[in-house]
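First comes the structure, then the notes that go with it.
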Amino acid sequence: MPRVLGYALRRTGAEEARDVVAETFTVAWRRLDRVPEGDAALPWLLVTTRNVLSNRRRRLREEPGGPEAIEPDHADDVVGTLSIAAAFNLLSERDRETLALVAWDGLGAQEAAHVAGCSTTAFGVRLHRARRRLAAILERGESPVRTEGYG
């Protein structure tokens, strides 16, 4: 459950993430016969979480007033972490998703490819390119984090 919650937290606020995870496990319980066993269950749960989030966002767009903006959590103010986070945020959504599935969710290429909805080979190419783009941003110093006065 912590990995599913972490996946949801990276995509929405804490309160909604808890609701999304609860809904994800409700879906899993109702479809228990479709949930893979062992390690294969995590990718299935992450795909379900992504679908639950998409459905919730679609419903919000249909409601008057639309969705509310979600404020990111700024608890960790270590300059190095902020620089990486800022560089990460400069990446495309697809690159961020690719890196997060491997680095934060701990999925292997095959599992991550399943969650991303592509072949393992295509995911490997995506991962390589996303890593290369992140490294280039960090090398160019494009991160908007200011480091004067630190060090």
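Where a number appears in this text, it was derived from the coordinates with a stated rule and is not lab data. Since the structure is predicted, the reported quantities are computational estimates derived from the model, not experimental observations. A quick note on method: Cβ atoms are made from the backbone with ideal geometry, for glycine too, and the neighbour counts reach across all protein chains shown.
Worth a mention:
- Residues D33, D19, D105, D39, sorted so that the one with the fewest Cβ neighbours within 10 Å comes first: D33, D39, D19, D105
- Taking θ as phi - 60° and the Karplus parameters 6.51, -1.76 and 1.60, the scalar couplings of segment 27-40 work out to 4, 4, 5, 5, 10, 3, 5, 9, 6, x, 8, x, 5, 6 Hz in sequence order, x denoting glycine and proline.
- For segment 79-140: span of alpha carbons on each principal axis (Å, largest first): 34, 19, 15
- Rounded to 0.05, the FRET efficiency of the R133 and D33 pair, given R0 = 41 Å and the Cβ-Cβ distance, is 0.50.
- Note on A40 and R10: with the Förster distance fixed at 25 Å, the Cβ-Cβ geometry gives a FRET efficiency of about 0.70.
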